[in-house]
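Working notes for the structure below.
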Amino acid sequence: MLLNTIRFFIVIIIVLINFTRSNTNEPIVLTAPSYLIEVPQIPTPELKDDSFHIRANPSIELLNKNKDYVGWIQIENTIIDYPILKGPDNDFYLSRNFEQQPADAGSIFMDYRNFGFGFDQHTIVYGHNMKNDSMFGQLDLYLDSSFALANPIIYIQDLYGLRKYQVFSSYYATADVDLIQTDLSTIDTEHFYSKLIEKSGIDYDLYPNTSDRILSLVTCNYDVNDGRLFVHAFEIIDL
């Protein structure tokens, strides 16, 4: 426990040091971490008893470009491969890109009420449903059972490491604030998760535990008035 705490504060210190050295005039190149799907085995040099080794945080370069960067999302067999930002509200990145410039496609962004991956029981990530399939335009693939069951994992590289989420529910419905609650501490979590499963148009035969952290991807859906497409997944913890 003490070792994990020390590692956490080391990462925070590195991020803060590098952020203060950022150069906003440098061109922004959005490149996903190369090990998002397959983490390479990087050998650790032999250390003396009185020394320690710090591995560079792969998120630092993107944090230097935009302090609102919180992670990178990728889904296999789709073009969903984008940075995730978090603004001061849920409107800021609706029409701004990574460089915070006006853009119709906006950005992929986390609900401003969330603290960040690993700290919230329910993390919500939004993106536009673009006609050219960019951003979250391909989330509707999760309404097709053959695709959904063959591609059940969502990968997110956040500031602390690689996270994997298993999809357990997907459907479209009218906008409902009850489905985008970030604070589950005051509600019946088991009932809430059961509600998400009951709404699913696909039977994943998966049931998250009440202690599981879940991720919800949300985009617009035009099949119903003021519609939304929801994809829910629970975090897989590798032992």
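Since every read-out is calculated from the coordinates, none of them should be taken as a lab result. Everything quoted here is computed from the prediction, not taken from an experiment. Note that each Cβ is placed from the backbone with ideal geometry, even for glycine, and that neighbours are counted across all protein chains shown.
Full extension from residue 184 to residue 206: what is 0.36 nm times the residue separation minus their Cα-Cα distance, to one decimal in nm?
Contour length minus Cα-Cα distance gives 5.9 nm.
With the contact rule set at Cα under 8 Å and sequence spacing of 6 or more, what percent relative contact order holds for the range 138-235?
36
Projected onto the charge dipole of the range 83-212 (+1 at Lys/Arg Cβ, -1 at Asp/Glu Cβ, origin at the Cα centre), which of 110, 142, 122 gives the Cα projection farthest towards the positive end?
Of the options given, the answer is 110.
Want the number for residue 175 to residue 95: 0.36 nm per residue separation, take away the alpha-carbon distance, what's left?
26.8 nm
Counting Lys and Arg as +1 and Asp and Glu as -1, each charge on the Cβ, what is the dipole of the range 68-236 about the Cα centre in debye, to the nearest 20?
With only Lys, Arg, Asp and Glu charged at Cβ, the dipole is about 240 debye.
Mind ranking 62-70, 141-149 by how tightly packed they are, going by the mean number of other C-beta atoms within 10 angstrom, highest first?
62-70, 141-149
Can you compute the FRET efficiency between residue 131 and residue 238 using 1/(1 + (r/R0)^6), with r the Cβ-Cβ distance and R0 = 45 Å? Round to the nearest 0.05.
Efficiency for this residue pair is about 0.75.
Checking the cross-link filter: which lysines have an alpha carbon closer than 26 Å to that of residue 199, excluding same-chain neighbours under 8 positions apart?
131, 164
Suppose R0 equals 25 Å; then what is the FRET efficiency for residue 164 and residue 226 from their Cβ-Cβ distance, rounded to the nearest 0.05?
Computed FRET efficiency for residue 164 and residue 226: 0.20.
Relative to the present Cα-Cα distance, how much length would full extension add between residue 145 and residue 112 at 0.36 nm per residue of separation?
My answer for the length gained is 8.7 nm.
Dipole of the range 68-236 (Lys/Arg Cβ +1, Asp/Glu Cβ -1, origin at the Cα centre): which of 77, 218, 157 lies farthest to the positive side?
157
How large is Rg/Rh for the range 68-236, to two decimals, with Cα atoms and a Kirkwood Rh?
0.93
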